[in-house]
Amino acid sequence: MSDPFGAEAELINIEGHFHQGQYQEVIDFDTSSFSAENALPARVLQLRARIALGQAEDVLAELQGEKKPELEAVGALAQLSAGDAESAVETIEQLAATDAGEVGIVQVVGGTVLAAAGKPDEALTLLQRHQGNLEAVALIVQIYLAQNRTDLAVKEVASARRLAQDSLLFNLAESWVGLRLGGDKYQQAFYVFEELAQAPATSSVRSLVSQAVAELHLGRTEEAQAALDQALKKEPGFADAIANQLVWSVITGQDPAEYKAALEQANPNHPFLTDLAERSDLFDKAATKYKAKVSA
């Protein structure tokens, strides 16, 4: 029986590169022999990879005047990456309100835009219209985890298990949930990430950082640092690797100041720094109230 979540055979390898964060491999992938049916999905993956590598302005220029909803959605993603979140959200909301909202690529790219623009509930509404799209499932899981709704993420993974348990995306989504659940799930997640991170064909900065996170949860700080060093050797200044170096420094009793400064330089709007600032502000407010009571 065919896997309703599975990609067409032609797309399996290029999709695998994309979902592992091997964006240059996606861009360089030879799609000249692809069928007409898969030419557009392959182009979308390559455009998304270029956006991920900081080429949003070039992508916007290339897509000028394109009317296919899939490419309009990618254009919105490029707008978001270029700093125009308002226009990006407006484009996706307009697409979602038409029949284009039933198109898998529009759902996935649109859901990515809405979630990144701070509209997770709108993103979920769009993504939940999918018809057997495992990337939509993976994004739904990510949004639930970001909302600390691990219970819903577990249900989402469970519903996909019988249909796609051999899929890379399913294994990744299950591993993300495993890192939140803890216990023996840490080790299971580690096996998935280590296999991806250490195999030359699949290794990427993202798989290495994922391996490091699993290592930290397992208390293996030296191995975690080794994986983070590998990631930063591949891509110096990769913000997620630096953020986890900061976490590593706190866990191991090191001074985190150097890593905090490096993260601020790499990405001053990184979620870790935003969360840290919010918690610091809450602490200061609580301390002020406590001090007032003591003074009284």
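The values are calculated or read from the model by the stated rules, or taken from the named source; none is laboratory data. The structure presented is a predicted model; accordingly, all values stated were derived computationally and were not measured. A quick note on method: Cβ atoms are made from the backbone with ideal geometry, for glycine too, and the neighbour counts reach across all protein chains shown. SASA here: full protein model, heavy atoms, side chains in, ligands and nucleic acids out. Shrake-Rupley method; radii C 1.70, N 1.55, O 1.52, S 1.80 Å.
Before moving on, here are some points about what is shown:
- Selection count, the stretch 231-259, where residues are open to solvent by 60 Å² or more (accessible area, probe 1.4 Å), polar (S, T, N, Q) and touching a residue at least 24 places away in the same chain (Cβ under 8 Å): 0
- Of all residues in the stretch 201-219, those satisfying the criterion of being open to solvent by 70 Å² or more (accessible area, probe 1.4 Å) and either farther than 19 Å from LEU169 by Cα or under 16 Å from the mean Cα position of the chain (by Cα) (or both) are ARG206, HIS217.
- Flag for VAL103 being touching a helix residue (DSSP H, G or I) at 6+ places or on another chain (Cβ under 7 Å), under 18 Å from LEU45 (Cα atoms) and either open to solvent by 20 Å² or more (accessible area, probe 1.4 Å) or not hydroxyl-bearing (Ser, Thr, Tyr) (or both): yes
- Across the stretch 7-37, the qualifying residues are those that are farther than 22 Å from ALA199 by Cβ and of a type in the set (A, V, I, L, M, F, W, C), and the one among them that is least open to solvent (accessible area, probe 1.4 Å) is PHE34.
- Out of VAL177, VAL213, sole residue that is under 26 Å from ILE12 (Cβ atoms) and β-branched (Val, Ile, Thr): VAL177
Conditions tested, residue by residue: (1) more than 17 Å from the chain's Cα centre (by Cα); (2) surrounded by fewer than 16 Cβ atoms within 10 Å (Cβ to Cβ).
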{"residue": "GLU122", "(1), (2)": "yes, no"}
{"residue": "THR125", "(1), (2)": "yes, yes"}
{"residue": "ARG129", "(1), (2)": "yes, no"}
{"residue": "LEU134", "(1), (2)": "no, no"}
{"residue": "ASP151", "(1), (2)": "yes, yes"}
{"residue": "SER159", "(1), (2)": "yes, yes"}
{"residue": "LEU169", "(1), (2)": "no, no"}
{"residue": "GLY183", "(1), (2)": "yes, yes"}
{"residue": "GLU194", "(1), (2)": "yes, no"}
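- Of the residues making up the stretch 52-74, those that are surrounded by fewer than 23 Cβ atoms within 10 Å (Cβ to Cβ) and either within 19 Å of the chain's Cα centre (by Cα) or among the hydroxyl-bearing types (Ser, Thr, Tyr) (or both) number 5.
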